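The structure appears right after this line, and notes come after that.
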Amino acid sequence: MLNIESRLILNRLICGLTLLARYANFKKVSNMIKVERDRIFRKLLISGRPYFIKIDTTNQCDAGCAYCSRDNIAYPSGEMGLDNFKKVIDINKDYAFMVALHFTGEPLLNEGIYDMINYAHLNKIATYLSSNFQHFKKEDACRIVSSGLDLLTVSIDGASQETYRRYRQKGELAGIFQNIQAVINAKRELKVSWPTVNLQFLVMDHNEHEIPGIKNIAKDLGVDTLELKPLGLCPINKYLLPKNPKYIRRAYRKTDMKRKPCWWLWSSLVVLWNAEVVPCCSPYRKIDIESCMGNIIEEDIIKIRNSNIPVKLRRQFLEGIMAGEEGCVKCPIPYGNMLGHTV
């Protein structure tokens, strides 16, 4: 039987291949091959453009999650406007397969989010949104479905209000379930299969007893997938690890696991709300002015991807001297490939 990580990787592989078939064209495939060639041959300088982009449409959030990695954000608060979002998409539309519209904040706090999704969709880019769904309005159910969104992940780490509040200290679970049901109903009314609705359950010590309950809830709601997700790697997470070893990430169980070169530094890009670019998606790397590599609207994207910061990180990975890079050492994804990253 597949373990928790293998199941997630398989599910993400199937989803990725489905979206690849939906949005692929010659130019995008050629670019992906070029990027992956540079990654496989461990080139310090990259000739291709990112085929996966994460955009921090807003870095604002009021969910009040315990042990939130937002403590590492030493960056001004704000949200991306639709005009700048369109510019980012226009720059990348011929090369990017997918854009994720979330990073450090709650994307639904940006009032332009549905227009952003629709613009990316009209430009033949797959869209992915992860949300706590606390700020979703049931009357927007048809709007989010008709926006063209491909993937929707709703993060719920409890099957009861009491357990939910242990980690996500704000929000009403019953209301979130009603919001999810509204989206499912809208899909049925509009007779569409997109977006794929994924219920994500981060397995921890205090909620693993509710796994049977969340499975029943997912079935009753009619979501497309339920994702039981293992915790990432950071010191405080060790106190939250579930007792059942099958729900624990293998990186916690293996003491001799070597960190591999991160695919993100070759294949992907993170764009902050003001169009500044940072080197990776890890929430454990401090995000401040000094960590920015350039502005994607104002500067050439190839030049940004081959600037001092990313080249330094690639070199450190390849030469095996990661001890000095705290963010990379603490990264929750030590596996070095796209499928492992999706876990």
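Some notes on this structure:
- Radius of gyration, Dmax [region 15-59; alpha carbons; angstrom]: 12.7, 35
- The calculated FRET efficiency for ASP90 paired with SER6, based on their beta-carbon distance and R0 = 35 Å, is about 0.35.
- Prolate/oblate/rounded label for region 23-145 (Cα gyration tensor, a/c 1.5): oblate
- All Cα pairs of region 73-128, percent lying beyond 17 Å: 35
- Scaled radius of gyration (Cα, divided by 2.2 N^0.38 Å) that region 142-218 gives: 1.18
- Structure note, pairs LYS54/LYS187; LYS219/LYS246; LYS138/LYS191; LYS34/LYS93; LYS138/LYS219: Cα-Cα distances above 24 angstrom occur for LYS54/LYS187.
- Length added when fully stretched, SER160-ILE40, from 0.36 nm per residue minus Cα-Cα: 38.7 nm
- Computed across region 119-168, the Kirkwood radius stands at 12.6 Å (inverse of mean 1/r, all Cα pairs).
Each reported figure results from applying straightforward, stated rules to the coordinates on display, with no laboratory input. Computed from a predicted structure; not experimentally measured. Don't worry about glycine lacking a Cβ; one is built from the backbone with ideal geometry, like all the others, and counts go over all protein chains shown.
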